[in-house]
Amino acid sequence: MALKVKLAPLSSSGKAFNRKVLQIAAVAVGIVILFFIAVFSFYYVKYKNIVDERLEKPLFTNTAKIYAAAREVRPGQKLTANFVAQELRSAGYTEDGTNPVSPMGTYSVNAKSITIHPGAQSYHAPDAATISFEGSTVNQITDTNGDQLAAYELEPLLITGLSDQNRAKRRLVTYDEIPHYLILAVTSIEDRRFFEHGGVDYFRILGAIRSDLLSRRYREGGSTLTMQLARGFFLTPEKRFKRKLIEIVITFQLEHRFTKQQIFQMYANQIPLGQQGSFAINGFGEAAQAYFGKDVRQLNLPESALLAGLIQSPSRLNPYRHPTRALERRNMVLDAMVETGAITKEQGEEAKASPLKLATQSVDANEAPYFVDLVRDQIVQKLGDAEYNHQGLRIYTSLDPQLQAAASDAVNDGMKRVDELVTKLHTHRASKNAPATVDSNIVYPQVAMVALNPHTGQVLALVGGRNYGISQLNHAVAHRPTGSIFKPFVYAAAFNTSLSGAQLTNSDGVSGVFTPVTMLNDEPTTYTIGDQEYTPHNYHNEEYGEITARFALQQSQNVATIALAQMVGFNNVAALARDAGIKSARGTPSVAIGAYDATPLEMAGAYTVFANSGVKIDPWMLASVRNANGDVMSDYAPTSKPILDPRVAYLTTSLMENVINHGTAAGVRAMGFSAPAAGKTGTSNDAWFVGYTSNLLCIVWVGNDDYTDIKLDGAKAAAPIWAEFMKRAVALPQYSDTKDFVPPDGVTEVQLDKGTNLISDAACPNAYTAAFLDGTQPTDTCDHSNGDQRNLFQKIFGIGEKPVVPPPPVRAQQPLAQPVNPTTPVPNPAQGTAANNQNANAEQPKKKRGFFSRLFGSGKKDDQPQQQPQPNPQQ
C-alpha cells in the first residue's frame, strides 16, 4: 500500500524567510562577481602594461645565421639535376612558378639541365646560369649569354643559427612556411577549437579545475594554444590558481591584438621541443632540423605528427632516447587527426605504419658547434658589438658540410678504437688463468681534428672534442706539445742551408751540403744547456749509429733529428718554426722533437708551408658578414706569406711521402688509403698525425685533458682516424681529384740503391726514389762508385784488380760557400756527401754473400733499413 505525504503550504513568514535567503545569496553572488570583476580588471590593467612593454620589442631574438661555404659545381663532377635542385631548395630557393617567390632565388629544372636565378638576397651576384648533365655527370655550365663557365657556385647552405644567452636555438618561421599537416596535427592534439574560440575553452577549463581540486596536483590541463603562449612568454613556471587567472588575462589581450594565424606563428616559434647536445630546441623550425635534418617546409605527415606529440613532454618523449614512447605518442596524434577529420583513416593508417626516420643524432656532424663557437668569437672580435646576435646577421664561413660530416663520423669511429686500446692498457690479469680486471679510474682521451684547403687556408671541417654536449672545451685551439710532427721543420731548415751551398758538419767533423742521404749520428749525445745536461733518447731506445736523413725522418729518430738541428743551428730551426706560426719555439735542443706548444689549428696552418709550395697561408673560417637583407657589411680575405723556397717545400714533402709509404705512418696504407700523400706521426704524452694530399690537409690530435700520458703513439691513435677521414674525403667529388706532388724546377728525382745510396742501375735493382736539389744528387752508380771496370765474370769470382778506395775527406769544418741564386744549381757535393755515405756504409759490418748469392743476386743486400733491425712504428 502506497504511503502518501501531504506537505503543508508555507506560511507567509516562511515565504519571507526564503525570499530573504535568496536576496542574501544574490547579494553574495553579486559581491563575488563584482570582486572577480575588480580583480580581473586590476590584473588586466596591470598586465596590459607588461604585455605592452614586452611587445614593444621583437618577440624573438633574430639571432645571426651561420652559412657554409658555397658548393662549387664543375664539369665532370658526379651530380644530377635533382641533387642540385634539392641543394637549392635547402638554401631557400623556390621553383619557377611557385608563390611566394623567394628573395634568395628561383630555379627551373628538367631531365638534363637546371637553370638557376639568384635573387636579391642571394650570396652571389644575380647572374643566372644553366648546368647541363649527361647522365649523372655535369656536362657543361653556361651563363645567360651561352658562354661556357669553368665552375659555378651554388647558394651557401644554412648550418645553424647562433644560440641565445640561454643556449637555446630557434629558426624563425612564418605561418605560410608551416606545413598544413603540422598545423592540423598541433590543433588536433592540443587545441581542437583553436580557430573557433576566443582564446579560452571554458568547458576544458572547468574540467581541468575540477580535476585539479580532486587530485590536488594542479596539472593545469585544458590550456589552449594561446594560453600556452601567454604562459611561455610572460609567466613563471609556478603552478597556482592565481597564475591561471593571469594567464587568462594575457590570453584575452593576445587574442585582441593578433589574428589566429599570428598567434599560431608565435606559438610555432616559441614552443620548447627538447634538447640537442647542450642546446635547447625551441620552435618547429629548429626541431625539424634537429630531429629530421630538414627545413620545416619539407616535413611530411608522420614527421609533423611526431613534432606535435613532443609538445606534451619533450624529454620523456625524446625519440632518440625513448623511441617506443615517441612512436606511441605520434600514433595518438594521428588518431586524433582522424577523429577531427583532418586526415582520412587510410592516411592515418599509412602514416602509423611509417617507422621513425630520424636524422643521425650528432650535433657535431650536423652543426659543427666547435667551429661555430670559433666563428662567434671572431665576429665579436671583428665587429666589437655585443648586440650583433640581435641583428639577424648572415655570417658566411669556410665550412664544407659534407666534409664536416665525414670528419665527425671518422672521429666517432676512430675514438671507439682508441677507447678499446686504452681499456686494453688498463686490463690486468693476476695470473695466466685468472679473470681479467679493468681499472676503475680509466681516463679516456679527447680528440681534435682540423681539415683545410692547403692552397687557400679555408678551414673545411673542424672537430674540437668527442662530444660537444658533454664538453664545450675546443681542443682544436688548445695548446699542446707538438711532438714529432715538428720534425719536418728541422729538415726544412737543413734544406734551406743547401740553397746557398753551405756545408753542414756532423759530430765526426764530416762536412757536406745537406741532402736526403746525408749521414746523421743516431747515438745518444749529451747537450749542455746552461748548467744542466740533456741526453735525449729515441722513442723505443733503439740506436742505429750512422743513418741517412731520409731514414731518420722515416722512422722518426729523435737523436738523429736533434743532431741535425745542432748542425743547422737550434736558433735557425726555431726561427723557421716561428715564421710558420709556431710562436712558442725556442732555440734549444728539445725544439727539434716538438717540446714547445702549439694548437692543432696552428699546426695545420704551419704545414701549409710544405703543402703550398713554401707559402704559409693563415687558416680562416670567416668569409663575409651581411645584414638581414643580404647587403655586405664586411668581407674578409686570407693572409699569406712566403716562408720557404718551393724547392725546399717539395724536398721536405718528399721525405714525408716516404714516412707514409714506408715509415711510421705506413699503417694508413694498410687501412686502404691509397692516394698520393705526405705526413708525419707525432708522440709526446699525446698522439698526433698530420698529412696532406694535393688538395686537402688534415691534422688529428688525441690526448688527455689532464696532460697525463695516453701511452699510445701517433701511429696507433691518431693516424687511423686521419686515414678513415681521408678515405671518406676522397670519395667526395670535390676532393676526389688528388694528384701526385710535382717537383718544381730545380729539383731532380733519382733512383738510388738501398745498399750504397748511390745511383741504381741494372746491377743494383733494389732501389728507392729520392729528391735532390739540382747539383746535389750523387753522380756515381752503385756498382761503379769508385771506377770499378771489372766485368761481371771477374766480379762474381772476385778476381782482377779492385778499385782503390780514396781516403776519407777532411773532417775539419769547411768554409761555407757563397750564397747562390735560389734558382741556380748548387755546387756538386757528391764527394762531400755521397762518398761519405758510401764510406760510412763500408765501415759498418756486412754479412758476406756466397757464390750463388752473388751470381743470382739473392741474399741480403747492403741496405741500411734492412741492415739494422726495423723499429716498430713510433713517433
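The values are calculated or read from the model by the stated rules, or taken from the named source; none is laboratory data. Please read these numbers as outputs of a predicted model, since none were measured by experiment. FYI the Cβ positions are ideal-geometry reconstructions off the backbone, even for glycines, and counts take in every protein chain you see. Heavy atoms of the whole protein, side chains included, go into the accessibility calculation; ligands, DNA and RNA do not. Shrake-Rupley method; radii C 1.70, N 1.55, O 1.52, S 1.80 Å.
A few comments on the model shown:
- Given (1) more than 19 Å from residue 380 (Cα to Cα); (2) open to solvent by 30 Å² or more (accessible area, probe 1.4 Å); (3) among the small types (Gly, Ala, Ser), number of the condition residue 649 does not satisfy: (2)
- For the range 399-419, the set of residues classified as farther than 16 Å from residue 464 by Cα and open to solvent by less than 10 Å² (accessible area, probe 1.4 Å) consists of 418 only.
- Failed item, numbered, when residue 668 is tested on (1) farther than 30 Å from residue 532 by Cβ; (2) free of Cβ contacts under 8 Å to residues at least 24 places away in the same chain; (3) open to solvent by less than 20 Å² (accessible area, probe 1.4 Å): (2)
- Here 106, 63, 115, 94 are screened, and the one residue that is of a type in the set (Ser, Thr, Tyr) and closer than 30 Å to residue 233 by Cβ is 63.
- Selection within the range 615-647 - within 26 Å of the chain's Cα centre (by Cα) and part of a loop (DSSP other than H, G, I, E, B): 618, 619, 621, 636, 637, 638, 639
- Selection of the range 754-772 for residues being of a type outside the set (S, T, N, Q), open to solvent by 10 Å² or more (accessible area, probe 1.4 Å) and either within 24 Å of residue 673 (Cα to Cα) or touching a residue at least 12 places away in the same chain (Cβ under 8 Å) (or both) yields 754, 759, 761, 763, 764, 765, 767, 768.
- Where residue 323 falls short, out of the listed (1) touching a Leu at 6+ places or on another chain (Cβ under 7 Å); (2) under 17 Å from residue 176 (Cα atoms); (3) open to solvent by 10 Å² or more (accessible area, probe 1.4 Å): (2)
- Qualifying residue in the range 432-441 (condition: in contact (Cβ under 8 Å) with a residue 12 or more places away in the chain and either over 24 Å from residue 398 (Cβ atoms) or hydrophobic (A, V, I, L, M, F, W, C) (or both)): yes
- Across the range 214-273, the qualifying residues are those that are under 17 Å from residue 197 (Cβ atoms) and at pLDDT below 70, and the one among them that is least open to solvent (accessible area, probe 1.4 Å) is 222.
- Odd one out for residue 393 among (1) more than 25 Å from residue 195 (Cβ to Cβ); (2) modelled with pLDDT of 90 or more: (2)
- Residues located in the range 477-514, provided they are under 39 Å from the mean Cα position of the chain (by Cα) and surrounded by fewer than 24 Cβ atoms within 10 Å (Cβ to Cβ): 477, 478, 479, 480, 481, 496, 497, 499
- Subset tally (residues that are part of a loop (DSSP other than H, G, I, E, B), surrounded by 19 or more Cβ atoms within 10 Å (Cβ to Cβ) and either modelled with pLDDT of 85 or more or polar (S, T, N, Q) (or both)) for the range 160-172: 3
- Residue in the range 721-729 that is open to solvent by 40 Å² or more (accessible area, probe 1.4 Å), over 30 Å from residue 474 (Cβ atoms) and in contact with an Asp or Glu (Cβ under 8 Å, 6 or more places away or on another chain) present: no
- Out of 80, 63, sole residue that is in contact with a Lys or Arg (Cβ under 8 Å, 6 or more places away or on another chain), modelled with pLDDT of 70 or more and not aromatic (Phe, Trp, Tyr): 63
- Scan of the range 709-724 for residues that are of a type in the set (Asp, Glu) and either at pLDDT 95 or above or within 20 Å of the chain's Cα centre (by Cα) (or both), ordered by number: 724
- Among the residues of the range 141-159, those that are part of a strand (DSSP E or B) and either open to solvent by 60 Å² or more (accessible area, probe 1.4 Å) or free of Cβ contacts under 8 Å to residues at least 12 places away in the same chain (or both) comprise 148, 153.
- For the range 301-320, filtered to residues that are open to solvent by 50 Å² or more (accessible area, probe 1.4 Å) and within 33 Å of the chain's Cα centre (by Cα), the residue that is farthest from residue 189 (Cα to Cα) is 320.
- On the stretch given as the range 94-124, residues that are part of a strand (DSSP E or B), under 31 Å from the mean Cα position of the chain (by Cα) and farther than 19 Å from residue 141 by Cα total 1.
- Verdict on residue 615 being of a type in the set (Val, Ile, Thr), in contact (Cβ under 8 Å) with a residue 24 or more places away in the chain and open to solvent by 40 Å² or more (accessible area, probe 1.4 Å): yes
- Among the residues of the range 75-124, those identified as within 28 Å of residue 627 (Cβ to Cβ), among the polar types (S, T, N, Q) and surrounded by 14 or more Cβ atoms within 10 Å (Cβ to Cβ) are 90, 94, 102, 106, 121, 122.
- Every residue from the range 669-689 that is more than 20 Å from residue 419 (Cβ to Cβ) and either in a loop (DSSP other than H, G, I, E, B) or among the aliphatic types (A, V, I, L, M) (or both): 670, 672, 673, 674, 675, 676, 677, 678, 684
- Qualifying residue in the range 428-441 (condition: crowded, with 18+ Cβ neighbours inside 10 Å and not in a loop (DSSP other than H, G, I, E, B)): no
- Number of the exception - residue 127 against (1) assigned to a strand (DSSP E or B); (2) closer than 28 Å to residue 632 by Cα; (3) without any contact (Cβ under 8 Å) to a residue 24 or more places away in the chain: (1)
- Filter result for residue 551 (open to solvent by less than 30 Å² (accessible area, probe 1.4 Å), touching a Ser or Thr at 6+ places or on another chain (Cβ under 6 Å) and either in a loop (DSSP other than H, G, I, E, B) or not aliphatic (A, V, I, L, M) (or both)): no
- Residue within the range 731-748 that is buried (at least 24 other Cβ atoms within 10 Å of the Cβ) and in contact with a helix residue (DSSP H, G or I) (Cβ under 6 Å, 6 or more places away or on another chain) present: no
- For the range 360-367, the criterion of being charged (D, E, K, R), within 22 Å of residue 292 (Cα to Cα), open to solvent by less than 50 Å² (accessible area, probe 1.4 Å) and modelled with pLDDT under 95 is met by at least one residue.
- Close pairs (7 angstrom Cβ cut-off, 6 or more residues apart or separate chains): assigned to a loop (DSSP other than H, G, I, E, B) in the range 304-325, of a type in the set (S, T, N, Q) anywhere: 320/361
- Failed item, numbered, when residue 187 is tested on (1) open to solvent by less than 20 Å² (accessible area, probe 1.4 Å); (2) β-branched (Val, Ile, Thr); (3) out of contact with any Phe, Trp or Tyr (no Cβ under 8 Å at 6 or more places or on another chain): (3)
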